[in-house]
Amino acid sequence: MAACKIVYQPVKSAVDAIGTSASSLKTAGDNFVTAFTGAIAPMQGAAKDALLKFFQTSVQPMVAESVPKAVEGMQSLLEANLDNFDKVDQQLAASIGGG
């Protein structure tokens, strides 16, 4: 088995930075959706309808939901792992110390 070492503060800093990134991605995605729909609003015809449908079904869910949620998921995963390592470390220390 490979050795495993977690250094708390750098991982905690990464968790916080990833959370900030997820929030920024959500805001950027929402801004993109607003800008895009505003840009094509004056258009008319079947091409506009097809473009809007494609955007709403393929692009918008990805930029406004999927990508930010994926980054949030990574944040949660790292945060949970950090918490688990801390608990295991405390359990080992208690076991070694006889308590």
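The numbers here are math on the coordinates, done by the rules we state, and not lab data. Please read these numbers as outputs of a predicted model, since none were measured by experiment. Here the Cβ positions follow ideal geometry from the backbone for every residue, glycine too, while neighbour counts run over all protein chains shown.
Every condition in (1) loosely packed, with under 12 Cβ neighbours inside 10 Å; (2) closer than 30 Å to residue 88 by Cα; (3) hydrophobic (A, V, I, L, M, F, W, C) is met by residue 47 except one, and the failing one is (2). Applying the condition of being exposed (fewer than 15 other Cβ atoms within 10 Å of the Cβ) and free of Cβ contacts under 8 Å to residues at least 60 places away in the same chain to the range 8-26 and asking which residue is farthest from residue 82 (Cα to Cα) yields 24. Beta carbons closer than 7 Å, at least 6 apart along the sequence or on distinct chains, never pair a first residue in the range 27-45 that is touching a residue at least 24 places away in the same chain (Cβ under 8 Å) and over 20 Å from residue 65 (Cβ atoms) with a second that is outside any helix (DSSP H, G or I) and among the β-branched types (Val, Ile, Thr).
Under 6 Å between Cβ atoms, at least 6 apart or on separate chains: pull out the pairs that start in the range 67-84 with a residue that is in a helix (DSSP H, G or I) and end on any residue that is hydroxyl-bearing (Ser, Thr, Tyr) and surrounded by 13 or more Cβ atoms within 10 Å (Cβ to Cβ). From residues that are in a helix (DSSP H, G or I), the pairs are 71/21.
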